[in-house]
1. Between Lys30 and Asn69, what length in nm is gained on full extension when 0.36 nm per residue of separation is reduced by their alpha carbon distance?
2. Which ordering of Met1, Met76 is given by a fewest-first count of other beta-carbon atoms within 10 Å?
3. Taking other Cβ within 10 Å of each residue's Cβ, how do Ile57, Ile74 sort, fewest first?
4. Which whole-Hz ³J(HN,Hα) couplings does the range 54-62 yield from phi under the Karplus relation 6.51 cos²θ - 1.76 cosθ + 1.60, θ = phi - 60°, glycine and proline marked x?
5. Can you give the Rg to Rh ratio of the range 3-78, both from alpha-carbon atoms, with Rh computed by the Kirkwood formula?
Amino acid sequence: MSQIKKLSELKIGDTGKVKNISSQAGLLKKRLLDMGCVAGTVLVVKKLAPLGDPIEIAVKNYSLTIRKNEADCIEMEVQ
C-alpha cells in the first residue's frame, strides 16, 4: 500500500514517485520541470545534512540538492 508524504519527510534511501509539486513553489517548480522532474518521476533520497537541510536527491541520472522548505512543496507516493 502506498502512502503520500512530502519529500522532506523521507529518509536516506527512501524512493518515491512525484505525485504533485505545489503551485506555490514558483521557481522551484520551473526548475524541477526543466530537469524533467514531473508527476511520475522516481526520486531517491541520497543524503541529508546533519540538521536535515539541504537534501540531496537522485533524479534520473543526476543528483540535485534542494532546501528542506523546497522539499515541503513536493508530494511523493512512497511504497
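Derivation of every value follows stated rules applied to the coordinates shown; laboratory data play no part. The structure displayed is predicted, hence computed values, not measured ones. For neighbour counting, all protein chains shown are included, and Cβ atoms are generated from backbone atoms with ideal geometry for every residue, glycine included.
1. 12.5 nm
2. Met1, Met76
3. So the residues, fewest neighbours to most, are Ile57, Ile74.
4. So the Karplus estimates, Gly and Pro as x, are x, 10, 9, 10, 9, 10, 6, 10, 9 Hz.
5. With Rh from the inverse mean 1/r over Cα pairs, Rg/Rh is 0.91.
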